[in-house]
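The next block holds one structure in the form of structure tokens; read it before the comments.
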Amino acid sequence: MKRRKKKRVKRMKRKKRAKKRKKRKPSIRELAIDILKRTGKSMHYRELTKRIKKRGYRFHRKDPERSVYIIINRYPKIFKRVRPAVYRLKK
């Protein structure tokens, strides 16, 4: 009997924890899209990295500029290269 009660209590605690989920943080790609939409002009990936940092995004790599550059180049349907290292949103 005692074992069953403990298991039920643990299950109920799990259910309560599942309800308290945190909001999902926006990704680098989502932040870059939002920044380029708001500015409405093309931007160098280093400037884009600075603005993403200002919004409070915490990078996990040593070189955050490289992370942004990789993400931008991974999605050619979203970002268009205007000049070397300068990108804008595709229309």
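Within the stretch 76-91, track down each residue that is part of a loop (DSSP other than H, G, I, E, B) and among the β-branched types (Val, Ile, Thr).
Of the stretch 76-91, the ones part of a loop (DSSP other than H, G, I, E, B) are 76-78, 84-85, 90-91.
Within the stretch 76-91, Ile78 is the sole residue that qualifies.
In the stretch 1-75, counting only helices (runs of 4 or more DSSP H) that sit wholly within it, the ones holding 3 or more residues that are modelled with pLDDT under 95 and exposed (fewer than 10 other Cβ atoms within 10 Å of the Cβ) span 2-19.
Could you list all residues from the stretch 38-51 that are among the basic types (Lys, Arg) and under 12 Å from Tyr87 (Cα atoms)? Selection gives Lys41, Arg46.
Taking residues in the stretch 24-51 that are of a type outside the set (A, V, I, L, M, F, W, C), and partners anywhere that are assigned to a loop (DSSP other than H, G, I, E, B), the pairs with Cβ atoms closer than 7 Å and at least 6 places apart or on different chains are Arg29/Tyr75; His44/Ala85; Tyr45/Ala85.
The values are calculated or read from the model by the stated rules, or taken from the named source; none is laboratory data. These numbers come from a predicted model, not from an experiment. A quick note on method: Cβ atoms are made from the backbone with ideal geometry, for glycine too, and the neighbour counts reach across all protein chains shown.
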